[in-house]
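Participant: The structure that follows is given in the form of structure tokens.
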């Protein structure tokens, strides 16, 4: 079953996923978890939410040089 979320609900869900993965998680992993949960979302909005959370200081964006990706952490 798939369902769409409003921006604030999606933001809360993304924050919850990052909190559950304290070692850090990539945007691809966050996206995959949301999709496994059956949550439908727009990829542009998804990226905007991650950027907003970083700007608001709620999460950190750190480079992972081994994976050549950014990790999002609390």
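None of the figures in this text is laboratory data; all of them are computed from the coordinates on show. Everything numeric in this text was worked out from a predicted model, so none of it was measured. Because the Cβ atoms are built from the backbone with ideal geometry, glycine has one as well, and the counts that use them run over all protein chains shown.
Participant: Kindly provide the set of residues from region 31-56 that are touching a strand residue (DSSP E or B) at 6+ places or on another chain (Cβ under 7 Å) and closer than 17 Å to residue 71 by Cα, ordered by number.
Facilitator: Once the filter is applied, which keeps residues that are touching a strand residue (DSSP E or B) at 6+ places or on another chain (Cβ under 7 Å) and closer than 17 Å to residue 71 by Cα, region 31-56 yields 50, 54.
Residue-by-condition table, conditions (1) touching a helix residue (DSSP H, G or I) at 6+ places or on another chain (Cβ under 8 Å); (2) in a loop (DSSP other than H, G, I, E, B):
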residue: 9; (1), (2): no, no
residue: 18; (1), (2): yes, no
residue: 30; (1), (2): yes, no
residue: 35; (1), (2): no, no
residue: 47; (1), (2): yes, no
residue: 53; (1), (2): yes, no
residue: 62; (1), (2): no, no
residue: 67; (1), (2): no, yes
